[in-house]
Amino acid sequence: MERVGILTIGQSPRPDLEAVFRRHLPGVELLVRGALDHLTTPAIDALAASGGEYPLFTILRDGTTREISLHRLKPFLDDRVKQAAAEGASVAALMCAGNFPDLDSPIPVLYPSRVLAAVVRGVCRGNRIGIVLPNAGQVGVAVAHWRENGFEAAAAVASPKEPAALSEAARALADPGLELIVLDCMGFPPEEARRMRGLCGRPVLCPQGILPRLMAEMLGV
């Protein structure tokens, strides 16, 4: 049986993510591994308290959330992708849309930030887009990332844990000059992308919808 790695920046299990990937990867074993799986709650709290640039929205197995710097998470993700590869995964997907550097990985890794940028470049006629981020601390880095990819991004903030916030984000991104909206966080499920499309009346890209399909193409399933 084919195996793939699903790398979360919080803790496993993540039945919500598994459900999305199983929909597109029938007969494929999902190895869900969390960057923080091996850490105690006090150790995770210490990581969160230590701060750092570009805080990422992480979900723990008890359902609570923390914001932890991308750079503090990367070494743990290096370990998790090596673990998945050792267990037979032929490819892995990172469950975070942050602008990660390359993981130290022996197998191919799908990075949502890179996949999203490639898709947006492929479909946009202009250079103005809207992005929805899970916390305000990401706005500056995310806007700079999209500018490096040739786009001027208007940003709104909405936590995936607060569905009502997406309505506020849609109002903040009401400018008709924005060609499409990117849910720039792996925490938003495809159902929220459909809701956002109804709220803003424009195309909406959701990495939870794109990555499983891309992985299925790579595996030929």
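Every number in this text was worked out from the coordinates using simple rules, so none of it is lab data. Note that the structure is a prediction, hence the values are computed from the model and not measured. Every residue, glycine as well, gets a Cβ built from its backbone with ideal geometry; the counts of neighbours run over all protein chains shown.
Based on Cβ point charges of +1 for Lys and Arg and -1 for Asp and Glu, what charge dipole magnitude is obtained for the chain about its Cα centre, in debye rounded to the nearest 20?
Roughly 480 debye for the chain.
Quick one: longest stretch of the chain between exposed loop trypsin sites (Lys or Arg not before Pro), exposed meaning at most 15 other C-beta atoms within 10 Å and loop per DSSP?
The longest uninterrupted stretch comes out as 62-124.
Grab the alpha carbons of the chain, take their convex hull, and tell me the volume per residue in Å³.
Here the figure is 113 Å³ per residue.
Express in nm, to one decimal, how much length is gained between Glu29 and Asp62 on full extension, taking 0.36 nm for each residue of separation and deducting their alpha carbon distance.
9.5 nm
Just the Cα atoms of the stretch 130-184, one point each, no solvent: what log10 I(q)/I(0) does Debye give at q = 0.12, 0.26 Å⁻¹?
-0.24, -1.05
Before anything else, pin down the relative contact order of the chain: Cα pairs under 8 Å, at least 6 apart, normalised by residue count, whole percent.
Computed value for the chain: 18 percent relative contact order.
Hey, what D do you get for the stretch 113-205 in µm²/s if you plug the Kirkwood alpha-carbon radius into Stokes-Einstein at 10 °C and 1.306 mPa s?
Calculated translational D: 123 µm²/s.
So what is the relative contact order for the stretch 113-205, in percent, with contacts set as C-alpha pairs under 8 Å and at least six apart?
31 percent
With label points built 7 Å along Cα→Cβ from the Cα atoms of Val141 and Arg128, find their separation and express it in nm.
About 2.8 nm separates the two model spin labels.
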